[in-house]
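The values are calculated or read from the model by the stated rules, or taken from the named source; none is laboratory data. If you're wondering where the values come from, they're calculated on a predicted model, not measured in any experiment. Neighbour counts are summed over all protein chains in view; Cβ atoms, including those assigned to glycine, are modelled from backbone coordinates with ideal geometry.
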Amino acid sequence: MTESNYKMKTKMMDLLRRHRRIEITRMLIAGIAFVCIGAEFGLRGIECYGQTQANSTVKENKKSEPMNDTNPFAKPSSLPLQAPDFAAIKPEHFLPAFEAGMKQQLEQMQAIADQSESPTFANTLVPMEKSGDILNRVAAVFFNLSGAHTNEAIQDIEQDIAPKLAKHSDDIFLSKKLFARVMQLWDSRAALGLSEEQGRLLKETYEDFVRAGAKLTDEDQVKVRAINERQSTLTTQFQNNLLAVTKERGVLVDDVKLLDGMSEGEIAAAKQAASARGESGKYLLAITNTTRQPVLTSLKNRELRRRVWQASANRALGENQGIDNQPIVLELARLRAERAKLLGYRDHASFTLENQMAQNPKAAMKMLQDLVNGVMQKAKSEAELISEAMKEDGLTGPPEPWEWEFYAERVRAKKYQVDESAIKPYFELESVLKNGVFYTYGKLYGVEFKERNDLPVWHPSVRVFDVIGSDGKQIGLFYADYFQRDSKRGGAWMDSLVNQARLLNQLPVVINVMNIPAPADGEPALMSLDHVMTMFHELGHGVHGLFSDVEYPSLSGTSVPRDYVEFPSTFHEDWAIEPDILANYARHFKTGEVLPKELLDKAIAANKFNKGFDSLEYLSAALLDLGWHSLTPDEIPKSLVDFEQSTLAKFGVDYAAVPPRYKSQYFAHVWSGGYSAGYYAYLWSEVLAADAYAHMKRLGGLDAKNGALFREKILSQGGSREVMQQYIDYRGSEPSVEALLIRRGLKE
């Protein structure tokens, strides 16, 4: 994340910022398809995209039967905290519920607009916040399933519903009568006597209308509507291609000897994966979301490494008549530029960043470019070490992209006398979760996670926990979906099934989703250090939703700017490698032996190696994102590949050995995941996270008093206060970049 809530929330204009009242509609103002919040900058790569099927043509719309009382979405769930009844929900329930929900919300909005009474906060914004309960329920479940456990029926519905949701959003935000009431409140705001939270809600609502085009002429609003609907179709097509291209590009291996270097468990899992795809007796090396592929760290066969890397880097380019996302990328870039121009902005980046912490592309670009020289130097110094390691195998010259990670692991093992396979046995999932993650959050915030087995889930591997406060009262529900499967999109993210809101008497129901490789039958789930840190990270997003304490759903939890939303989650990552915490959970799965301090020290030191690579591949992707979205309509290129190469060269990050973390044709964060012109946000948030973590350590570290302060000033606030003020209230000052440079290994 993020998809993390900025989020990703990214289901309308900004499910990253918004509850699901108008959010479902707002999401598609930006052509967004999913909500997602995740970790990204570094090895904890999180994807923010949905994956469905290869066919990029929109199927003929199907008519559905009207929703009746037996539809699970017709009324609030009777389960605890309105948790969805996944046992009762079937694909055929979604379209009727979506259509009924949109109809209901439009009628509610029309009733607000048609009032004869002068607008007040109570008769305009409050009923807007309460509107759309059916739509909220169905969208929360549907978009969760479309990311975490999709199938062909869900994919078909998604293609059908995306343009309808875009139109629904425009019908609300381009309503002249409704906007007139909101604008009248905005113009008289100084005399309304609003609380700080009410003032924030008014500001956010007014700006959402304006940014949607409420002030445009009728002619230009027609153009915006057409762009929004077309974008919704294209983003759905883009994401639909990604799962299919993963299958298309998966590398099948006939001879197990070629898998030398992989563990027995990894080989067994590859064999099971091949069998599941009808390739019995073979081994499938699936392609994950990023350019880099985890298996490249261990595969000894050089030619197989090359095949895996090329399958990853060249996917979705239409090679040999394969799936091609290039036309979609070029058209989306053009549509976003055209919409920005209609709304009065130079480019899409200027439009997008206006209401973020960065405020404008220049500020985001400067932050990234200020790091380029130092990061390039670091990466090239690492390349020298890798080249030396390659010489041991008789290889000369600079490393190829498919060489880097393999020989980086060799350097890491030689320099620090440790390798990942020696660490994994100490990171068994159950111990990491209960003795690591839950233990840490309990110490900080006084909460307890109690597993329950009576609530229905969307997949048998999903687990549910009551979250109980120190006073014994329930705070919310937490769903954990950790294992990789074909029906799940790549990466890791947080989302909400129910948002906290005092206005609606709602407590939060949040989910964490990851893609930890599932162990072979009967084997323990052993994790890498990066997956461990991702688990800490994602629950950081989780408590941002769980600890929310606001009145209005649109300001709940992770409803904050995307370049702030990754701050609370990234802040929680570093607890994973605190010695006292590690000693509590890092135990050998067979012997129970605590991870030896010597091995721990080496692992932590080794974890800081290769940060030049990590940082450069991230910077390249972030600069590429800003490059695409800083184009005006008449600057859209004809060639995706040529533009990518020229942009990397322009910013001084064109280093063949370290390609962008995502190439344009599979850069789902920015084309279908809600981070368009916003991929820089991970680094921006990390500045805050590193500074806050260093501050808490100075105050005594893992302590209930420290946790209570962070919870009060940051985690409970949602979007009810301006976010920099939240940070200053906690920290006492604005952040410094010093702690980030140290965290990134760019400074001692």
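Structure notes:
- Across the range 168-185, the number of residues qualifying as of a type in the set (A, V, I, L, M) and within 31 Å of the chain's Cα centre (by Cα) comes to 2.
- Residue that is modelled with pLDDT of 95 or more, among the basic types (Lys, Arg) and buried (at least 17 other Cβ atoms within 10 Å of the Cβ), where the choices are Lys424, Lys473, Lys443: Lys443
- Asp85, sole failed condition from (1) surrounded by fewer than 19 Cβ atoms within 10 Å (Cβ to Cβ); (2) among the acidic types (Asp, Glu); (3) out of contact with any Leu (no Cβ under 7 Å at 6 or more places or on another chain): (3)
- Lys434 of a type in the set (Lys, Arg), surrounded by fewer than 21 Cβ atoms within 10 Å (Cβ to Cβ) and more than 28 Å from the chain's Cα centre (by Cα): no
- Count of the range 649-666 residues, restricted to those that are in contact with a Leu (Cβ under 7 Å, 6 or more places away or on another chain) and hydrophobic (A, V, I, L, M, F, W, C), is 3.
- Among the residues of the range 113-149, just one is under 15 Å from His93 (Cα atoms) and among the hydroxyl-bearing types (Ser, Thr, Tyr), namely Ser146.
- Candidate set from the range 585-626 (those that are among the aromatic types (Phe, Trp, Tyr) and part of a loop (DSSP other than H, G, I, E, B)); member that is nearest to the chain's Cα centre (by Cα): Phe609
- Residue among Leu353, Leu342, Leu385 that is under 23 Å from Ile742 (Cα atoms) and in contact with a helix residue (DSSP H, G or I) (Cβ under 6 Å, 6 or more places away or on another chain): Leu385
- Residue within the range 636-655 that is under 29 Å from Leu529 (Cα atoms), of a type outside the set (Lys, Arg), part of a helix (DSSP H, G or I) and out of contact with any Asp or Glu (no Cβ under 7 Å at 6 or more places or on another chain) present: no
- Looking across the range 601-620 at every residue that is closer than 26 Å to Gln310 by Cα and out of contact with any helix residue (DSSP H, G or I) (no Cβ under 8 Å at 6 or more places or on another chain), the one that is modelled with the highest pLDDT is identified as Glu617.
- Qualifying residue in the range 186-201 (condition: small (Gly, Ala, Ser), in a helix (DSSP H, G or I) and under 27 Å from the mean Cα position of the chain (by Cα)): no
- Scoring Glu117 on the criteria (1) part of a helix (DSSP H, G or I); (2) farther than 19 Å from Asp495 by Cα leaves a single failure, condition (1).
- Considered as a group, the residues in the range 219-236 that are touching a helix residue (DSSP H, G or I) at 6+ places or on another chain (Cβ under 9 Å) and farther than 30 Å from Tyr666 by Cα include one that is surrounded by the fewest Cβ atoms within 10 Å (Cβ to Cβ), and that residue is Asp220.
- Residue within the range 516-527 that is among the small types (Gly, Ala, Ser), more than 23 Å from Tyr680 (Cβ to Cβ) and touching a strand residue (DSSP E or B) at 6+ places or on another chain (Cβ under 9 Å) present: yes
- Residue in the range 544-551 that is of a type in the set (Ser, Thr, Tyr) and either part of a loop (DSSP other than H, G, I, E, B) or touching a Ser or Thr at 6+ places or on another chain (Cβ under 8 Å) (or both) present: yes
- Residues satisfying the stated conditions in the range 291-332, i.e. in a loop (DSSP other than H, G, I, E, B) and within 15 Å of Pro659 (Cα to Cα): Thr291, Arg292, Gln293, Asn314, Arg315
- Residues of the range 339-379 that turn out to be modelled with pLDDT of 95 or more and farther than 21 Å from Tyr679 by Cα, as a count: 4
- Which numbered condition Arg489 fails, given (1) at pLDDT 95 or above; (2) crowded, with 24+ Cβ neighbours inside 10 Å: (1)
- When we screen Glu617, Glu598 for residues that are crowded, with 23+ Cβ neighbours inside 10 Å and charged (D, E, K, R), the only hit is Glu617.
- Exactly one residue out of Ala389, Ala349 is surrounded by 15 or more Cβ atoms within 10 Å (Cβ to Cβ), under 24 Å from the mean Cα position of the chain (by Cα) and assigned to a helix (DSSP H, G or I): that is Ala349.
- Highlighted here are the helices (runs of 4 or more DSSP H) found entirely within the range 673-748 that include at least 1 residues which are of a type in the set (Val, Ile, Thr) and surrounded by 21 or more Cβ atoms within 10 Å (Cβ to Cβ): 681-698.
- Screening the range 649-672 for residues that are among the polar types (S, T, N, Q) and either in contact with a strand residue (DSSP E or B) (Cβ under 9 Å, 6 or more places away or on another chain) or modelled with pLDDT under 95 (or both) and picking the one that is surrounded by the most Cβ atoms within 10 Å (Cβ to Cβ) gives Ser672.
- The range 273-311, subset among the hydroxyl-bearing types (Ser, Thr, Tyr) and touching a Pro at 6+ places or on another chain (Cβ under 7 Å), residue modelled with the lowest pLDDT: Thr288
- Long-range neighbours under 9 Å by Cβ, at least six apart or interchain, first residue more than 16 Å from His531 (Cβ to Cβ) within the range 482-494, second surrounded by fewer than 24 Cβ atoms within 10 Å (Cβ to Cβ) and basic (Lys, Arg): Asp486/Lys247; Asp486/Arg277
- Any hit, the range 94-113, residues being part of a loop (DSSP other than H, G, I, E, B) and of a type outside the set (Val, Ile, Thr): no
- Contacts under 8 angstrom Cβ, first residue in the range 184-212 being over 22 Å from Leu353 (Cα atoms), partner of a type in the set (Gly, Ala, Ser) and buried (at least 19 other Cβ atoms within 10 Å of the Cβ), 6 or more apart: Glu196/Ser720; Glu197/Ser720
- In the range 251-285, residue farthest from the chain's Cα centre (by Cα) [restricted to those that are surrounded by fewer than 21 Cβ atoms within 10 Å (Cβ to Cβ) and closer than 19 Å to Pro401 by Cβ]: Gly261
- Unique residue being more than 25 Å from Ile577 (Cα to Cα) and more than 24 Å from the chain's Cα centre (by Cα) when the list is Tyr679, Tyr655: Tyr655
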